[in-house]
Amino acid sequence: MISAGFADIDAAWWPWFYITVAGVLANGVWRAAGVAIGGQLDESSPSLVLVRAVATGLVAGVIGNLVLFPAGVLAATPAWLRAGALAAGFGAYLASGNRMLMAIAVTEGILIAGILLAQS
Amino acid sequence: MRGVRDALGVPLLVLMATFAGFVGLARDAGIGLGHTLYMVAFIWALPAQVVLVAQISAGASLLAATVAVTLSSVRLMPMVVALLPELRTPQTRRRSLYLVAGYIAVTSWVIGMTRAREIPRRSRIAWFAGVETTLVAANLGVATAVHLLAAGLPPLVSGLLAFLMPTYFLASLWTTARENASRLALAAGLTVGPAVHWWSAEFDLIAAGLAGGVAGFLSLRAARP
């Protein structure tokens, strides 16, 4: 069963089970662990820094994939436009003192401009 | 009630738009409304949800998906460890702590870390539960609406919504990364993940996590004399 994919078992309970194990439990276990060990753990201990680095690297991989292998209309845009828009938005985020709206406005603005220019 | 009001604001709008992008992704992967809402309500962590959807589209096994999601969610533990002392009193029941911890994610965490001090300590758990309930309820509404309407959205709009996710994740990761190890890991994952994706869509994220770990390890080694 552990080697079966989401669409591999044709039963109504299987997708719920898959999401529960690979999603709800796999994710929630860390929040529960945070409550259980809260207070007893030194936040700057090397093992915790390392654990955070693994988690950060994995989510960064998600970001990279969303930018380089997008679905839908974005797949038709050049990769350099998407990467450039994200980089410029991130630059605006840092320059504005971590204002999320600036990151979004700049990223999406460049993306829209790029898409519209390509269509004209 | 104060919690409801404190949850309403720009961060909630950004989160709702980002969730709309996620639902588009889930819908494109062939995931139904019921399963999507179940993910939103009971996972409640966008990166974990995106990882799960990516694993599902890649046809990943239950084991591989579990490993990838588990690795992606470790960062929730230090977030919970950091936030709970702000909210609890010595009398707070453990059950209440597990309950509010179950909905700590980036947006609620930032609100909790910045605003909890303005609330009398004995009301903080109730206040924070109000913040969380508002965020979850609003996004369940967004998820339902977008899943039902997604086919009717202009492709340009759904594309732009989808691109909110990398923007939001990159900015939030940078803000919550407290040490150089995490920043180096961010750069390592950004490059290694897509590079490995060329030949394996199932193990790309695990490779990105490992690359992050190696970068973090090297950074720790370099920091020590």
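Only the coordinates and a few stated rules stand behind these numbers; no lab work does. Computed from a predicted model, the values in this text were never measured in an experiment. Ideal geometry is used to build each Cβ from the backbone, glycine not excepted, and the neighbour counts take in all protein chains shown.
In a fully extended conformation the segment linking B:Leu33 and B:Met1 would gain 8.5 nm over its present Cα-Cα distance, using 0.36 nm per residue.
The loop-placed chymotrypsin sites (Phe, Trp or Tyr not before Pro) in region B:142-225, going by DSSP, that have at most 16 neighbouring Cβ atoms within 10 Å of their Cβ come out as B:Trp198, B:Trp199. Which of rounded, prolate or oblate describes region B:111-225 when judged by the alpha-carbon gyration tensor and an a/c cut-off of 1.5? Since a/c reaches 1.5 but b/c is at least a/b, the shape of region B:111-225 is classed as oblate. The string of couplings for region B:11-28 from the Karplus curve (6.51, -1.76, 1.60, θ = phi - 60°) is x, 5, 4, 4, 4, 5, 5, 5, 4, 4, x, 4, 5, x, 4, 5, 5, 4 Hz, one whole number per residue in order, with x for Gly and Pro.
In region B:7-88, Rg over Rh equals 1.02, where Rg is the alpha-carbon radius of gyration and Rh the Kirkwood radius from pairwise Cα distances. Label separation (B:Arg117 vs A:Ala75): 4.9 nm, computed from points 7 Å beyond Cα along the C-beta direction.
Working from label points 7 Å from Cα in the Cα-to-Cβ sense, the A:Ser44 to B:Val10 distance is 3.1 nm. Applying the Karplus relation 6.51 cos²θ - 1.76 cosθ + 1.60 with θ = phi - 60° to region A:87-103 yields 3J(HN,Hα) values of 5, 5, x, 5, x, 5, 4, 5, 5, 8, x, 6, 9, 4, 4, 5, 4 Hz, where x marks Gly and Pro. In region B:179-225, Cα pairs under 8 Å separated by at least six residues give a relative contact order of 49 percent. Karplus-based coupling profile of region B:39-54, in residue order and whole Hz: 4, 4, 6, 10, 9, 6, 7, 4, x, 4, 5, 5, 4, 4, 5, 4, with θ = phi - 60° in 6.51 cos²θ - 1.76 cosθ + 1.60 and x standing for Gly or Pro. Relative contact order of chain B, taken over Cα pairs closer than 8 Å and 6 or more residues apart, is 31 percent. Rounded to the nearest 0.05, what FRET efficiency do A:Ala36 and B:Glu86 give with R0 = 22 Å and r taken as the Cβ-Cβ distance? Could you check? My answer for the efficiency is 0.80. When you work out D = kT/(6 pi eta Rh) for chain B at 10 °C and 1.306 mPa s, using the Kirkwood radius from C-alpha pairs as Rh and the Stokes-Einstein form, the result is 85 µm²/s.
Which of the three applies to chain A, rounded, prolate or oblate, going by the alpha-carbon gyration tensor with a ≥ b ≥ c and a/c under 1.5 meaning rounded? Judged from the Cα gyration tensor, chain A comes out oblate (a/c at least 1.5, b/c at or above a/b).
Its relative contact order, with pairs defined as Cα atoms under 8 Å and 6+ residues apart, puts region B:1-70 at 24 percent. For the protein assembly as shown, what class follows from the C-alpha gyration tensor (a ≥ b ≥ c being the square roots of its eigenvalues): rounded when a/c is under 1.5, otherwise prolate if a/b is larger than b/c, else oblate? In terms of gyration-tensor shape, rounded.
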